[in-house]
Amino acid sequence: MKIVELKYFSEVANSGSFLIAAQKNFVSESVIRQSITGLENELGIKLFEHHGNSNVIPSVAGMQFISSANELLIEFQKLEEKVKSFNKKSYYYYNNMYDCPSP
């Protein structure tokens, strides 16, 4: 399972559309569909039910999965921010270390 698959799953669940999720992520609709299909195959469950030509809603299993997926996405975003913040602090520290006059 990949973070990007969880992101696409969350986008489809929130928008109810593969096309809208694709547009929000600047990828083709087929990329979203393939990602969701791969996730479904990996988990062995159907995550969405199709309603109409292009509308989808989370299945019962999808509804249970969405809250956990969203929690993971939030934690991953926090981790990314923490690492980026650390990199900025390290850059500042090393730059200042070299700017200090020698005794």
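Quick note: the coordinates plus some simple rules give every number you see, no bench work behind them. Computed from a predicted model, the values in this text were never measured in an experiment. Neighbour counts run over all protein chains shown; Cβ positions are idealised from the backbone, glycine included.
Here are the numbers for the structure shown:
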quantity	calculated
Separation of the Val27 and Met1 label points, Cα + 7 Å toward Cβ, nm	1.7
Per-peptide average of other Cβ atoms within 10 Å, ordering 72-79, 56-63, 45-52 highest first	56-63, 45-52, 72-79
Overall Cα dimensions of segment 3-77, principal axis frame, Å, largest first	33, 27, 20
In Hz, Karplus ³J(HN,Hα) per residue of segment 32-41 (6.51, -1.76, 1.60; θ = phi - 60°; x = Gly, Pro)	5, 4, 5, 5, 5, 4, x, 5, 4, 5
Computed E for Leu79/Glu49 - FRET, C-beta separation, R0 30 angstrom, nearest 0.05	0.40
